[in-house]
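Since every read-out is calculated from the coordinates, none of them should be taken as a lab result. Worth saying up front: this structure is predicted, and the values here are computed from it rather than measured. Using ideal geometry, Cβ is built from the backbone for each residue, glycine included, and neighbour counts are taken over all protein chains shown.
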Amino acid sequence: MTKTYDAIIIGTGQAGPFLAERLAGAGMKVAIIERKLFGGTCINTGCTPTKTMVASAYAAHMVRRAADFGVVENGLPSVDMKLVKSRKDAISGQSRKEVESWLRGMPNCTVYQGHARFVSATEISVGAESLTANRIFINVGGRAVVPHMPGVEGIPYLNNSSIMDVDFLPRHLVIVGGGYIGLEFAQMYRRFGSEVTVIEMAPHLAQHEDEDVSTAIREILENEGIHVRTNATCISFSKRGEDILAHVDCVVGDPEVRGSHILLAVGRRPNTDDLGLTEAGVAVDKRGYIVVDDQLRTSVPGIWALGDCNGKGAFTHTAFNDSEIVGANLLDNDTRKVSDRITAYALYIDPPLGRAGLTEAEVRKSGRRALIGRRPMTKVGRAVEKGETQGFMKIVVDAETHQILGAAILGTGGDEAIHSILDVMYAKAPYTVIQRAVHIHPTVSELIPTMLGELQPLSEQRTDK
Ligand SMILES: Cc1cc2nc3c(=O)[nH]c(=O)nc-3n(C[C@H](O)[C@H](O)[C@H](O)COP(=O)(O)OP(=O)(O)OC[C@H]3O[C@@H](n4cnc5c(N)ncnc54)[C@H](O)[C@@H]3O)c2cc1C
């Protein structure tokens, strides 16, 4: 028998549960369906576990650096990977449990476990059950891509999910992909004690960043002994004994990289191929992302898509914001939209990169008149005191409106300090507001007003090259 709901939500990632709470709180009868782990990617195989492991790696790094701070350590530090994993599992598992019990205890909300599939635009099957609603919200997220690289099917490889089960130290971890996910794993495993090589097809790591940012990131990683191979076209794999060979066609360096383990971090794809979207008539683009408008409505009235599966964002904060946008439009008569969002994210290597708005290269391309400020972390007192002076910060502002166009803080505390810039961007206030604000000493943020006091015309500066 088909069960009727006011709303069906597919997926319990970073949008679904929050939307369920809003809709159920407004009196709607809600069904939410999860096929695997409550909390989705972020909690189980993404943000939470990686950041707990980054914290373990930072601890190992600081123990090795203890003498720099006058702390005498007798004996070599060693990393117990089983303990690193169990700390990660405990923190991640606690979050998963909290999401599940929150949903199961939510008034007006029924939880289903199983794979959801559209039967029609208003009907969903979950195993033997059939559910119907006039409002359906898709929050199915994405998964790691397996690249079409010769030999890949003949080798054992790790991805962001399977590496979560690793409780040993790979002798030599070869990471294919020099994007955000690959780089976080690269630094953490190097700090745990593995030899690490990153292979990237593009000429630069973190290729969407300005060249000066990606060059500084590369220096930070190479200073720790990570091997980086860029311009690696024609990647293929084969086995040699217990080892795996990655064959690379690089401009510089050996054509073979021999490692004990391979991590594929070459991108993600949406979980939309096994959802029955054709039966519902929901349009997807060439890469499988569900096509949505500015308020996250799909091509079919009564069906919305939120989070990574709509291609409008690839972060937890963008997925959560999607739930706010849909909730506001449906329940608050508030026409919030995706285009109100300012690009913002962090890369959690150490020191981290905090980013907001446009890159310098994007501003240059736009042709607008702009001003730029830049400051190395060696001139940030807080960084000097902490002995963490790698990186720099920069900011670009519109020469006419004085509004901030974009910023990057690659340095200690960069993931937090960027918010003082981001909030002023949301306020659409001129940069002079930050310049006149009295910031706390000693912090990284206190040097942002100083940097703003030294702005130069962008056309006369060349820092992105
Ligand atoms: C290694 C890694 C590190 C990351 N670090 C960060 C970070 O530091 N900060 C950040 O902002 N973002 C980070 N991200 C990205 C972040 O995890 C995602 O952007 C976020 O989880 C997207 O949330 P979502 O709700 O769209 O989907 P997901 O969190 O992927 O949730 C989708 C859910 O839907 C379920 N599902 C799928 N299909 C079906 C179906 N047919 N039926 C029923 N259920 C289904 C899945 O099982 C899953 O639970 C990271 C990602 C990775 C891989």
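Applying the Kirkwood pairwise sum to the alpha-carbon positions of segment 1-126 produces a hydrodynamic radius of 17.2 angstrom. Taking the inverse of the mean 1/r over every pair of distinct Cα atoms in segment 13-62 gives a Kirkwood hydrodynamic radius of 13.0 Å. A Stokes-Einstein calculation at 37 °C with viscosity 0.692 mPa s, built on the Kirkwood radius of segment 390-443 over Cα pairs, returns a diffusion coefficient of 280 µm²/s. Each stretch of four or more DSSP H residues adds -39500 (n - 2.57); spread over every residue of the chain, this sum gives -9000 deg cm²/dmol at 222 nm.
Averaging over all projection directions, the Cα-based convex hull of segment 258-389 occupies 14.3 nm² in the image plane.
Averaged over residues, the count of other Cβ atoms within 10 Å places the peptides 51-59, 211-219 in the sequence 211-219, 51-59, highest first.
From largest to smallest, the equivalent ellipsoid semi-axes obtained for the chain from the alpha-carbon gyration tensor read 37, 30, 22 Å. Taking amide H positions as modeled 1.01 Å from N, with prolines and chain starts lacking one, the residues under 5 Å from residue 358 and 5 or more places away or on another chain are 406, 407.
For segment 171-311, the Kirkwood estimate of hydrodynamic radius, built from reciprocal distances between every pair of different alpha carbons, is 17.2 Å.
For residue 331 and residue 63, a Förster radius of 56 Å and the Cβ-Cβ distance give a FRET efficiency of 0.65, rounded to the nearest 0.05. By DSSP, the beta bridges lying fully in the chain are antiparallel in about 60 percent of cases. Relative contact order for the chain: 14 percent, from Cα pairs under 8 Å spaced at least 6 residues apart, divided by residue count. Evaluating kT/(6 pi eta Rh) at 4 °C and 1.567 mPa s, with the Kirkwood radius of segment 76-229 over Cα pairs in the Stokes-Einstein relation, gives 67 µm² s⁻¹.
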